[in-house]
Amino acid sequence: MSYDALLRRTLIQHDINLEGTAAYQRHRYVRTLSTTGNGKTDQVLRRSYLYVPSSSDRMLDKSLSTPSDVVIYDLEDSVPPSPHDKDTARQRLSTFLSRTPQSKLPHHDRIAVRLNDINTPFFEHDISEVLKSPFVRTLVLPKIHSVRDLHHVSRAIRAARAGSSTPFPIRIVASIESARSAWNLGEIASWTSEYGPDAGGKLGALLFAAEDYCADTSVVRTPSRLELLYVRSQITIAAKAFGLDAIDMVCVNYKDLDYLRDECEDGRRLGFNGKQAIHPAQVDIIHSTFVPTEKEILRAAKILHQMEVAHSSQKGAFGLEMEGGGKEMIDAPMLKQASLYIFLLHEMSHLIVRLRTPSG
């Protein structure tokens, strides 16, 4: 069932009419799938980011059929570190992108490439080769520790595209992997290219690389994830402050799908927009988790409907019946959140084809 059908069914079942309410109309102009720092909007749904090793022809071919919202063709960690292996993987990816018919490739909004980091001898070759493809619009940059690193990337993008008449900016995803990058989060999230977005690229997301972060900080990983709560919260706050997507960490236990669901739900509660995946089996759960539940839809709809009734009685707040008894006080901030929520569902209705059901 599509989200549009689900929303309509839910509202009809509970005798709620939103379309004419002032609260709904007041926020119809707002677009909340993914916003950019300059106020423009980006209507691409990005819940899952699946890594595909560029060292494997078989994996590259399989990527053509994945439902993942974003496919990250990887030149970094999934490729052995020798110069021969790095060069071979780079050329294999270049050949794959140039020889595969455009109709078979993922849409360019879904294609990303993770380069080797700027301090390796492979970075310059990676970026110059990858940006020859008109289908690569997003670059994932590992080990971004400061704005100085982003300036380096921006200069490399500008050099690689010199003489090109391509009208689109390159979207940059900055990977947060160290104590330094966590310390500099605000500066990183607020970065803009000195050359402008079209020439030097545009920051679009912050990505959390948990294992690298733990290795750098001596944090000990546990199943509870409590040791990562602070840094994950800081990443989402910095991202949302500057209109960026926030991409949660990989669940390395790819065979435990119950744990994956729990980790996804945890990430969504913290404010992440989506999550990285290292195995195709993880994609469906990520998709089904990073969307609202029917219960959440109903709550938002009730808030908009009942606030309209309250406003007609010259009241600015009302008590919303809670499950199990009691009432929750609803006022302007919750109204804003609910109205954005409902509008988001309308925007998502043509993109989401499965309903997320609560676990447990």
Exercise. Would you be able to say whether some residue in the range 259-281 is open to solvent by 30 Å² or more (accessible area, probe 1.4 Å), at pLDDT below 95 and acidic (D, E)?
Key: no
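So, of the residues in the range 98-140 that are of a type in the set (D, E) and either in contact with an Asp or Glu (Cβ under 8 Å, 6 or more places away or on another chain) or buried (at least 18 other Cβ atoms within 10 Å of the Cβ) (or both), which turns out to be farthest from D245 (Cα to Cα)?
Only one residue fits best here, namely E129.
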Practice problem: Give the range 161-198 a look and list any residue that's buried (at least 19 other Cβ atoms within 10 Å of the Cβ) and over 22 Å from the mean Cα position of the chain (by Cα), or say none. | Solution: R161
Exercise. Scan the helices (runs of 4 or more DSSP H) fully inside the range 159-234 and keep the ones with 1 or more residues being modelled with pLDDT under 95 and touching a helix residue (DSSP H, G or I) at 6+ places or on another chain (Cβ under 6 Å).
Key: 197-200
Practice problem: Quick one: count up the residues across the range 290-326 that are farther than 16 Å from A338 by Cα and either of a type in the set (F, W, Y) or surrounded by 19 or more Cβ atoms within 10 Å (Cβ to Cβ) (or both). | Solution: 1
Exercise. Take S154 and decide whether it is assigned to a helix (DSSP H, G or I), open to solvent by less than 40 Å² (accessible area, probe 1.4 Å), at pLDDT 95 or above and hydroxyl-bearing (S, T, Y).
Key: yes
Quiz item: Somewhere in the range 300-320, is a residue at positive phi and in the same structural domain as P67 (by the TED database)?
Solution: no
Quiz prompt | Enumeration of residues in the range 30-55 that are of a type in the set (G, A, S), at pLDDT 95 or above and open to solvent by less than 30 Å² (accessible area, probe 1.4 Å) | solution = S48, S54
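The values are calculated or read from the model by the stated rules, or taken from the named source; none is laboratory data. A quick note: this is a predicted structure, and the numbers were derived from the prediction, not measured. In this analysis, Cβ positions are derived from the backbone assuming ideal geometry, glycine residues included, and neighbour counts consider all displayed protein chains. The accessibility values were calculated without ligands, DNA or RNA, using every heavy atom of the protein model including side chains. Shrake-Rupley method; radii C 1.70, N 1.55, O 1.52, S 1.80 Å.
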